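Everything below concerns the one structure shown next.
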């Protein structure tokens, strides 16, 4: 994997985007294995709006291995700040012809995107989170549910996430504690859901949310 010198802004945006993503619906069938799967279009549908809402985009370039027996993609995740991440995913070709190459590239594109963004394939059972539908309100640390009609600005959320990430990297928590202490209760609840388990654990240790 390769990356820009810094990915702080990208990491903040990706954290927010992933909180808005659900699972990719298994809307295609594999007659050979008699199973369903989430195709490339289904995966991209999950990603497009959350990425665009947070200044993120991606490109995928076909690549081949030395000797031409393997083929796949180079995927680059980009942020509006100019920061980026890049990785390659190569697969062997069952048939060394244009059809075999296209099949391998399509499979590699789908696998690379699901791995990069942590997108699971889910059954369309009416209970799965799809695209950017937000999760149902959950209790705060004090057990009181969020008031659903109160909205939290995107900029405030991004600022708080950035402060927390910076505190985790530097070990200096005074700015984070002060910023979290100024939040209203519904803002705390909303922003809490944007963090990973590790980040929530770090915040909890400060006893500030």
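Please treat every number below as a calculation from the coordinates, not as lab data. The model shown is predicted, which means the values in this text are computed figures rather than measured ones. Note: ideal-geometry Cβ built from the backbone for every residue, glycine included; neighbour counts use all protein chains shown.
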Note on region 154-206: contact order normalised by length, alpha-carbon pairs under 8 Å, 6 or more apart, percent, works out to 43 percent
Can you sort 88, 184 from fewest to most other Cβ atoms within 10 Å of each residue's own Cβ? 184, 88
For residue 59 and residue 178, compute 0.36 nm times the residue count separating them, minus their Cα-Cα distance, and round to one decimal in nm. 39.0 nm
How far apart, in nm, are the 7 Å Cα→Cβ label points at residue 52 and residue 8? 3.0 nm
Return a whole-number percent for the relative contact order of region 2-122, with Cα pairs under 8 Å and 6 or more residues apart as the contact set. 30 percent
So residue 168 and residue 115, fully extended at 0.36 nm per residue minus their Cα-Cα distance, gain in nm 16.6 nm
